[in-house]
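Inspection log for the structure reproduced underneath, given as structure tokens.
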Amino acid sequence: MIITTDKRTARIPLPMPWGWFHVLYSDQLAAGESRPLTYFDQELVVFRTESGVAKVVDAYCPHMGAHLGYGIRDNTGGGSSVVGESIVCPFHGWAFNGEGKCTDIPYAKNMPPKVARGEQVLGCWQVREVNRSILVWYHPHGVDPLFEPPVVEELADHSGHWGELSLHQWDIGTHMEEIGENAVDPAHFEFVHGTDEIPNAEVLDFNGYERRGFLKTRQPTPKGVVDATIENLNFGAGIAVVRFKGLIDTVLMAHVTPVTNEFTRAHYAFLQPKPASEGMARLGKALVDNICQQMEEDKIIWDRKKYYEKPLLCDGDGPFAKFRKWYSQFLVE
Ligand code: FES
Ligand SMILES: [Fe+2]
């Protein structure tokens, strides 16, 4: 009998996970600005009110279905206009606040009953702005947030110790769980990334919606190989904070956001101390470049691989079952 892999099942038979997900960096949205977003398999709009609060609502206007994220006339090429605390539809000028209520119909003498009663007429999303990032809560059943995103103290430190954020983004053709599984896959480092040393997690804790990994590693530097550590903290499926300690301390905010169940956008933001010398600047950049290079390498696999519910594992493989058990809490149909 010839055994072949099953061609009948979907490549990615998993739903999008729930949780907090990055959609924009704070400084990418000024007060009074709006932008269209495509995440969670739907069209959305993010806007910042004139008082400075980031809001996310469904994209399609409840009046006649225009997209609220694309401006017209003076705003052509940008987002639609924001007046006060509301976003204004480019089609007929109806205005909606971040709670999805219609706050103005400029030409109506009598408001439609729902509007007159102050009812919500447009879908709105829970938003948090923390760690210089705008995060949106997604849950397929509309469940309210089950946890809060963490505060990363290095990002709130304005003492001048830290440099600018270095931002990187990848669009990856797979489910977010596949990307997370890298952390528990020691064997792939040699074959995909060409590293001779297989990083082995010394600590791998699964605790409710959080996960912590810690490992000791060796950093090659011009001053020789130095001892280093990597701590990985996950908060739900969408937020990871990774701290590299060694010659160059680096904080990586690794956000992944589902565009659909089989398409993921990874947003990486690296924070490093302001370099004390040219040499340190080069070292810092090399560390970031190395991680970005690894993402490019992983992406070749991720873009094409199939998700197996029951992979054929061997004793040298990582704790995939533990990881998947933890992750499965975020997957509801
Ligand atoms: S479609 Fe938005 S105001 Fe008419
Ligand atoms: Fe990898």
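The values are calculated or read from the model by the stated rules, or taken from the named source; none is laboratory data. Predicted model, so just to flag it, every value in this text is computed and none were measured. In this analysis, Cβ positions are derived from the backbone assuming ideal geometry, glycine residues included, and neighbour counts consider all displayed protein chains.
Tabulated values for the structure
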item	result
Any hit, segment 267-274, residues being within 21 Å of the chain's Cα centre (by Cα), closer than 30 Å to Y39 by Cα and assigned to a helix (DSSP H, G or I)	no
Tally of residues being more than 16 Å from ligand 1 (Cβ to nearest atom), in contact (Cβ under 8 Å) with a residue 24 or more places away in the chain and assigned to a strand (DSSP E or B) across segment 42-74	5
Single unsatisfied condition, P106 versus (1) more than 10 Å from ligand 1 (Cβ to nearest atom); (2) modelled with pLDDT of 95 or more	(1)
Test set (1) surrounded by fewer than 19 Cβ atoms within 10 Å (Cβ to Cβ); (2) within 28 Å of F263 (Cα to Cα); (3) of a type outside the set (G, A, S) - M176 fails condition number	(1)
Selection status of H158, within 16 Å of ligand 2 (Cβ to nearest atom) and under 30 Å from K274 (Cβ atoms)	no
Selected residue (criterion: modelled with the highest pLDDT) from residues of segment 236-258 that are assigned to a strand (DSSP E or B) and surrounded by fewer than 19 Cβ atoms within 10 Å (Cβ to Cβ)	R243
Options G279, G318, G284: the member that is surrounded by 15 or more Cβ atoms within 10 Å (Cβ to Cβ), part of a helix (DSSP H, G or I) and of a type in the set (G, A, S)	G284
Segment 84-140 - residue that is exposed (fewer than 14 other Cβ atoms within 10 Å of the Cβ) and outside any loop (DSSP other than H, G, I, E, B) and, of those, nearest to ligand 2 (Cβ to nearest atom)	K114
Where a residue in segment 147-172 is closer than 12 Å to M253 by Cα and of a type outside the set (A, V, I, L, M, F, W, C) and its partner, wherever it lies, is exposed (fewer than 11 other Cβ atoms within 10 Å of the Cβ) and modelled with pLDDT of 95 or more, with Cβ under 8 Å and at least six apart	none
Residue satisfying all of: in segment 257-310; touching a Leu at 6+ places or on another chain (Cβ under 7 Å) and away from ligand 2 (no atom under 16 Å from the Cβ); farthest from S133 (Cα to Cα) among these	Y307
Residue that is more than 16 Å from ligand 1 (Cβ to nearest atom), farther than 19 Å from E262 by Cα, outside the structural domain of F206 (by TED's automatic domain parsing) and among the β-branched types (V, I, T), where the choices are V115, V184, V130	V130
